[in-house]
Amino acid sequence: MAATLCVKLLPKQVWLPLTQSVRHGSKAVTRHKKPVHILKQKILAVTQYVPPPRPFPPGAYPSQTKQVQEDNGLTLLLKKDLKNIFQTCKMIAVVQNNSSNAEDMMLLKYRLHRHGISVKFFPNQVTLSFLSGTIYSSMAPLFIGPTTLFISKEPKAREMLSTLRASPQMTLLGACIEDRLLSAQGVVSYSKLPSVTVVQGELVSALTMLTSRTASLIQHHPARLSALLQQYVKQQSPDSSTEETSKAEAT
């Protein structure tokens, strides 16, 4: 009984080692992932599951077959009018209409009419259909949104730009002047060029000055040669020799 009480009351003695070994460094890796054989890689690549493509909903993409629609009578009439405009007018400007009311448009038409410039309205669909088969197909990107055509039989870019400055609702996109497609900045540069009459006058004056100078240069040497020959003849004549001797004796 006493031995049992002593065992319960006395603490248990644990044996502790005098030295404790601690392992330093990395642990040894014993499991490595083996590379897959090349034949197995090829078999896995060939037998890999490829899901079928998801079908797109109908109407998401345009159909490959083009639907040819015949033009009605109004469309043919508008195309004929456009063809006549592009054949007879030397200036065709494309202007974007930014919410211009009827009063401003009427005032703009009146100001342009004083310079011989007309305003025309055509649907963009009709205009693009007409331009697709002509040499003016490069003008197609200009017809986006509400657009207006300013046309005139003579290139009057300066008058058109001065009129557009009073109408901020109208924005110039580009123009076809004398079969040349110009941007808005190109139209401004074209308006700064002198007129044809001024250039012709300058050319005529320059040619006249060159012609007169050439004629004077050509006549200069023969006239000088003629004067020298006349002086030589006078010196060789006997009358001139007697006059010279008499003058010498008098002195």
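The values are calculated or read from the model by the stated rules, or taken from the named source; none is laboratory data. Just so we're clear, the structure is a prediction, and the values are computed from it rather than from any experiment. Note that we place each Cβ from the backbone using ideal geometry, even for glycine, and neighbour counts take in every protein chain shown. Surface accessibility is based on the protein's heavy atoms, side chains included, excluding ligands, DNA and RNA. Shrake-Rupley method; radii C 1.70, N 1.55, O 1.52, S 1.80 Å.
Structural remarks
- Tallying residues that are among the polar types (S, T, N, Q) and under 30 Å from Val95 (Cβ atoms) within segment 180-223 yields 6.
- Boolean, Leu107 is farther than 16 Å from Leu82 by Cβ and either open to solvent by 40 Å² or more (accessible area, probe 1.4 Å) or free of Cβ contacts under 8 Å to residues at least 60 places away in the same chain (or both): yes
- Test result for Lys79, outside any loop (DSSP other than H, G, I, E, B), touching a helix residue (DSSP H, G or I) at 6+ places or on another chain (Cβ under 8 Å), at pLDDT 60 or above and open to solvent by 100 Å² or more (accessible area, probe 1.4 Å): no
- When Leu181, Leu164 are screened for being under 24 Å from the mean Cα position of the chain (by Cα) and open to solvent by 70 Å² or more (accessible area, probe 1.4 Å), only Leu181 passes.
- Reported count of residues in segment 82-104, each being without any contact (Cβ under 8 Å) to a residue 40 or more places away in the chain and open to solvent by less than 40 Å² (accessible area, probe 1.4 Å), is 0.
- Within segment 132-158, tally of residues that are open to solvent by less than 60 Å² (accessible area, probe 1.4 Å) and farther than 19 Å from Phe86 by Cβ: 1
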